[in-house]
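What follows is one structure encoded as structure tokens, with my remarks underneath.
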């Protein structure tokens, strides 16, 4: 096919996502979401918690409030929001809160799907281990 046409079409279909991971980004959220070319806002709660002095506590009330504040400002600016989730419950919560795009990792997706199955496999008996 026509590679020039393909790449031209591709350029028109690029999704621009802003990733905010610190307090400075939260403080400047209105400026960030006012960028005309921006399509989606994603706040990184893990890095944000670290920057807020709450390392590893991405679910802390202060972090959650900052994430929701940024998402609300994005919505008011007409931008979509994206949230990183690790569990089905987090995905449901994000959807209930009006988040437009849900993102997870293959590790979390496969862990959620396979966890119950793997737990159902009984441990190897001592007799079987001794037979080796």
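Determine whether the stretch 22-43 contains at least one residue that is assigned to a loop (DSSP other than H, G, I, E, B) and under 14 Å from the mean Cα position of the chain (by Cα).
Step one: list which residues in the stretch 22-43 are assigned to a loop (DSSP other than H, G, I, E, B), which gives 22, 28, 34-39.
Next, from what is left, pick out any that are under 14 Å from the mean Cα position of the chain (by Cα): none.
Within the stretch 22-43, none of the residues are assigned to a loop (DSSP other than H, G, I, E, B) and under 14 Å from the mean Cα position of the chain (by Cα).
Looking at 56, 78, which is the one that is at positive phi and at pLDDT 95 or above? Reasoning before the result, please.
Details: 56 fails: at pLDDT 95 or above.
Just a single option satisfies the conditions, and that option is 78.
If you scan the stretch 47-65, which residues turn out to be assigned to a helix (DSSP H, G or I) and under 10 Å from residue 22 (Cβ atoms)?
Filtering the stretch 47-65 down to residues assigned to a helix (DSSP H, G or I) leaves 47-51, 61-65.
Within the stretch 47-65, 47, 48, 50, 51 qualify.
Please state which one of 14, 40 is under 18 Å from residue 103 (Cβ atoms) and without any contact (Cβ under 8 Å) to a residue 12 or more places away in the chain. Spell out the reasoning first.
On the way: 40 fails: without any contact (Cβ under 8 Å) to a residue 12 or more places away in the chain.
The conditions single out 14.
Kindly evaluate residue 70 against the criterion of being in a helix (DSSP H, G or I) and at pLDDT 95 or above. Walk me through how you get there before you give the answer.
Details: in a helix (DSSP H, G or I): yes; at pLDDT 95 or above: yes.
Against the criterion (in a helix (DSSP H, G or I) and at pLDDT 95 or above), residue 70 qualifies.
Could you tell me which residue of the stretch 93-106 is modelled with the lowest pLDDT, considering only residues that are under 13 Å from the mean Cα position of the chain (by Cα) and either farther than 28 Å from residue 32 by Cα or assigned to a helix (DSSP H, G or I) (or both)? If you could, list the steps in order and put the result at the bottom.
Here is the first cut: in the stretch 93-106, the ones under 13 Å from the mean Cα position of the chain (by Cα) are 93-95, 99-106.
Keeping just the survivors that are either farther than 28 Å from residue 32 by Cα or assigned to a helix (DSSP H, G or I) (or both) gives 93-95, 106.
Values: 93: 93, 94: 93, 95: 93, 106: 77.
Among them, the one singled out is 106.
Considering only residues that are surrounded by 13 or more Cβ atoms within 10 Å (Cβ to Cβ) and more than 19 Å from residue 47 (Cα to Cα), look in the stretch 81-92 and name the one that is modelled with the highest pLDDT. Step through it out loud before you land on a result.
Taking the stretch 81-92 and keeping what is surrounded by 13 or more Cβ atoms within 10 Å (Cβ to Cβ), we get 81-86, 88, 90-91.
Applying the additional criterion that residues be more than 19 Å from residue 47 (Cα to Cα) yields 88, 91.
Values: 88: 85, 91: 89.
Here the answer is 91.
Considering (1) surrounded by 15 or more Cβ atoms within 10 Å (Cβ to Cβ); (2) at pLDDT 95 or above; (3) closer than 24 Å to residue 104 by Cα, say which one residue 45 fails and leave the rest.
(2)
The values are calculated or read from the model by the stated rules, or taken from the named source; none is laboratory data. Being a predicted model, the structure only gives us computed values, none of them experimental. All Cβ positions, even for glycine, are placed from backbone atoms using ideal geometry, and neighbour counts span all protein chains on display.
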